[in-house]
Amino acid sequence: GVSVVDVSSLTTRNPAAYRSYVRGVDLLHRAENAEAAAALQEAVEADSSFALAWYYLAVATWWAQDFAGAELEVQKAMHLGTRLVGRERDGLHALQSLVASHYGEAADQYRALLQRYPDDKEFLYGLGEALFHDGKDYPGARAAFERTVQLDPTFAVAYQHLVDIHVEQGDKAG
């Protein structure tokens with residue numbers, strides 16, 4: 001038979017929080033980080049138990065280079081993460097490593113996630129972030145970001161580090 005999932009148990013029962021969350025994630029993927037953070041902040045203010053909103057707020061905060069704030073938001077998501085299942089819960093652990101600057105560990109976690117979810121643009125992006133910030137495998141980071149935009153050409157945030165890598169490698173070549 002068909003498996004029925006209560007979506008509100010994974011997200012929120014608060015319509016305003018859900019609308020802000022959806023808007024925030026969309027803005028985040030379009031690299032409109034400040035607007036995304038504001039929308040996701042609205043989501044967690046409307047429902048402080050909304051683990052996925054905390055997860056994506058941590059991403060937006062990390063991208064804004066507020067590393068301490070992102071770590072606090074990941075901790076909040078981890079605390080609430082018992083409401084998350086499968087992909088989301090597993091991704092949260094990888095994000096926790098990434099935000100804590102444990103890039104090698106994060107890369108390993110994202111690689112393991114990609115064994116189970118090979119076409120997941122967010123996990124590919126996370127792998128690219130870990131490899132990029134670790135600074136040891138720009139070709140691997142580039143491959144992860146390129147695969148991300150191949151899967152979703154509108155996933156704007158992946159283009160930012162592709163440019164960074166091009167500039168970095170161009171500087172080394174020149």
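Does region 5-21 hold any residues that are surrounded by 14 or more Cβ atoms within 10 Å (Cβ to Cβ), among the hydrophobic types (A, V, I, L, M, F, W, C) and at pLDDT 75 or above, and which are they?
We begin by selecting, within region 5-21, every residue surrounded by 14 or more Cβ atoms within 10 Å (Cβ to Cβ); these are 10-12, 14, 17-21.
Remaining after also requiring among the hydrophobic types (A, V, I, L, M, F, W, C): 10, 17.
Result: Ala17, single match.
Quick one: is Arg147 assigned to a helix (DSSP H, G or I), in contact with an Asp or Glu (Cβ under 9 Å, 6 or more places away or on another chain) and closer than 18 Å to Ala58 by Cβ?
Working: assigned to a helix (DSSP H, G or I): yes; in contact with an Asp or Glu (Cβ under 9 Å, 6 or more places away or on another chain): yes; closer than 18 Å to Ala58 by Cβ: no.
Criteria not met by Arg147.
How many residues does region 30-55 contain that are open to solvent by 20 Å² or more (accessible area, probe 1.4 Å) and closer than 16 Å to Leu95 by Cα? First the steps, then the outcome.
Quick first cut of region 30-55, residues open to solvent by 20 Å² or more (accessible area, probe 1.4 Å) only: 30-35, 37-38, 41-42, 45-49, 54.
Remaining after also requiring closer than 16 Å to Leu95 by Cα: 54.
Here the count works out to 1.
Of the residues Tyr110, Tyr125, Tyr117, which is open to solvent by 30 Å² or more (accessible area, probe 1.4 Å) and either within 24 Å of Gln75 (Cα to Cα) or not basic (Lys, Arg) (or both)? Even if it seems obvious, please write down each step before you answer.
Values: Tyr110 fails: open to solvent by 30 Å² or more (accessible area, probe 1.4 Å); Tyr125 fails: open to solvent by 30 Å² or more (accessible area, probe 1.4 Å).
It is Tyr117.
Mind listing whichever residues of region 58-99 are hydroxyl-bearing (Ser, Thr, Tyr) and either open to solvent by 30 Å² or more (accessible area, probe 1.4 Å) or under 23 Å from Glu32 (Cα atoms) (or both)?
Thr61, Thr82
Among the residues of region 150-174, what is the count of those that are of a type in the set (A, V, I, L, M) and either touching a residue at least 24 places away in the same chain (Cβ under 8 Å) or assigned to a loop (DSSP other than H, G, I, E, B) (or both)? Give the derivation first.
Keep residues of region 150-174 that are of a type in the set (A, V, I, L, M), which gives 151, 156-158, 162-163, 165, 167, 173.
Still in the list and also either touching a residue at least 24 places away in the same chain (Cβ under 8 Å) or assigned to a loop (DSSP other than H, G, I, E, B) (or both): 151, 156-158, 165.
Summing the residues that are of a type in the set (A, V, I, L, M) and either touching a residue at least 24 places away in the same chain (Cβ under 8 Å) or assigned to a loop (DSSP other than H, G, I, E, B) (or both) in region 150-174 gives 5.
The values are calculated or read from the model by the stated rules, or taken from the named source; none is laboratory data. What you are looking at is a predicted structure, and each value in this text was computed from that prediction instead of being measured. When we count neighbours, we look across all protein chains shown, and the Cβ atoms used for this are built from the backbone with ideal geometry, even at glycine. When the accessible area is computed, the model is the full protein with side chains, heavy atoms only, and any ligands, DNA or RNA have been set aside. Shrake-Rupley method; radii C 1.70, N 1.55, O 1.52, S 1.80 Å.
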